[in-house]
1. Tell me the residue from Thr135, Thr147 that is farther than 26 Å from Val195 by Cα, β-branched (Val, Ile, Thr) and at pLDDT 95 or above, please.
2. Going by the conditions given, is Arg239 part of a helix (DSSP H, G or I) and free of Cβ contacts under 8 Å to residues at least 12 places away in the same chain?
3. Show the residue pairs that are 6+ apart or on different chains and have beta-carbon atoms under 7 Å apart, the first residue being within the stretch 260-274 and under 14 Å from Ser120 (Cβ atoms), the second being of a type in the set (S, T, N, Q).
4. Can you run down the residue pairs with Cβ atoms below 7 Å, 6 or more apart or on separate chains, where the first is in the stretch 110-135 and free of Cβ contacts under 8 Å to residues at least 24 places away in the same chain and the partner is assigned to a strand (DSSP E or B) and among the β-branched types (Val, Ile, Thr)?
5. Does the stretch 184-196 contain at least one residue that is part of a strand (DSSP E or B), within 30 Å of Thr229 (Cβ to Cβ) and more than 19 Å from the chain's Cα centre (by Cα)?
6. Out of all the residues in the stretch 128-149, which are more than 17 Å from Val99 (Cβ to Cβ) and surrounded by fewer than 22 Cβ atoms within 10 Å (Cβ to Cβ)?
7. Got a number for residues in the stretch 112-125 being under 17 Å from Asn175 (Cα atoms) and in contact with an Asp or Glu (Cβ under 7 Å, 6 or more places away or on another chain)?
8. Quick check on Asp244: is it among the acidic types (Asp, Glu), farther than 30 Å from Arg163 by Cα and modelled with pLDDT of 75 or more?
Amino acid sequence: MRWGLAAAGCVALVAAAGCVVNESKPLPKVNPIQADRQIPQDELLDVVVHPLDPGIPPNLDPKALDKQRINPDIRKAESRYVATLLRSTLETSGQWGAVRVAPESAQFIDVIVSGKIVESTGAKLALDITVKDSTGRVWIDARRYQTPPDTGSYKTDAALKARDPFQNLYSAIANDMVAARDALQGADRRDIRRVTQLEFANDLAPTAMSGYLAKDPKGLVKVARLPATDDPIATRVERIRQRDAGVIDTVNGYYANFSDQMNASYGQWRRASFEEIEKEQRALNQARTRTYLGAAAVLASVFVPNQCSPYDYNCQRVQSAARYGGAIGGTAAFL
């Protein structure tokens with residue numbers, strides 16, 4: 001009997017715990033590390049962020065996608081929007097040269113950021129991010145970044161406009177990139193710049209500009225030799241590279257305008273998504289609580305202590321009725 005009462009008590013305690021609804025609280029803010037010194041021009045690395053893989057599973061029907069909270073059209077828009085927010089975070093840190101969003105065709109850049117959206121709702125953002133430099137060195141290898149939202153951003157429209165709910169995630173990526181860059185020697189950073197220039201030149205004029213690059217034992221691209229400072233072909237190629245950078249700037253502007261236009265409506269969608277998920281979680285918690293309370297009632301009814309004399313028929317009837325009522329009530333809680 002004691003074991004049974006203890007079991008009933010344990011179930012009741014679990015039920016009581018299930019009654020507690022965890023309130024979402026604003027998260028501590030993580031900001032990108034700001035440059036505290038002037039970075040030498042020949043070590044100031046340019047960055048391109050590619051639009052992310054939207055992470056839409058193939059061969060899933062609309063119902064299956066909806067179950068995973070994936071709207072293909074929204075995901076495709078998010079792939080550009082997320083890239084733009086990451087670009088903005090990198091740019092405002094003052095740690096980099098030109099930072100742009102550009103399609104995968106833009107390859108001859110000092111540092112390239114790519115990735116995939118793993119999960120994106122108003123209640124969670126998860127990304128797999130890869131960062132490489134032009135020598136082939138991997139800074140970040142498909143690292144998973146995920147976080148709940150800073151719910152303070154959902155409080156008002158002004159708060160939503162002032163700070164993205166998932167800004168902490170973008171700041172974390174930016175800070176990891178700074179750490180990876182700072183782990184390199186100054187000579188390594190200068191080599192990245194030179195390799196970028198020579199790779200572009202070799203792609204544009206392979207016959208005239210070949211032989212300037214080689215690979216080291218680790219498979220990283222290195223500078224084998226440099227063209228003469230007055231080499232007319234190298235000078236012409238560099239002018240073309242500057243014009244190419246202007247084209248990338250224009251494309252980056254298109255992505256920025258796209259993100260600006262969707263910012264307000266997308267923010268409202270994320271807030272609605274967050275509220276919907278919270279309501280579903282609250283309902284699930286309440287259903288679990290009812291189940292636990294029902295189990296407690298059944299156990300309590302089964303293990304009602306026998307207080308009646310074996311010769312007291314009326315007392316026995318009342319006690320049986322109590323057990324029966326508890327069992328019925330507990331079973332009803334399951335249904």
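1. Numbers: Thr135 fails: farther than 26 Å from Val195 by Cα.
Answer to the check: Thr147.
2. In short, yes.
3. Going by the 7 Å Cβ cut-off, the qualifying pairs are Ser273/Thr121.
4. Ala126/Val118; Asp128/Val118; Thr130/Ile140; Lys132/Ile112; Lys132/Val138
5. The answer is no, given that none of the residues of the stretch 184-196 is part of a strand (DSSP E or B), within 30 Å of Thr229 (Cβ to Cβ) and more than 19 Å from the chain's Cα centre (by Cα).
6. Scanning the stretch 128-149 gives Asp128, Gly136, Arg137, Val138, Asp141, Ala142, Arg143, Arg144, Tyr145, Gln146, Thr147, Pro148.
7. The first filter runs over the stretch 112-125 and keeps only residues under 17 Å from Asn175 (Cα atoms), leaving 112-115.
Those left that are additionally in contact with an Asp or Glu (Cβ under 7 Å, 6 or more places away or on another chain): 115.
Here the count works out to 1.
8. yes
The values are calculated or read from the model by the stated rules, or taken from the named source; none is laboratory data. Keep in mind the model is a prediction, meaning the values are calculated, not measured. Don't worry about glycine lacking a Cβ; one is built from the backbone with ideal geometry, like all the others, and counts go over all protein chains shown.
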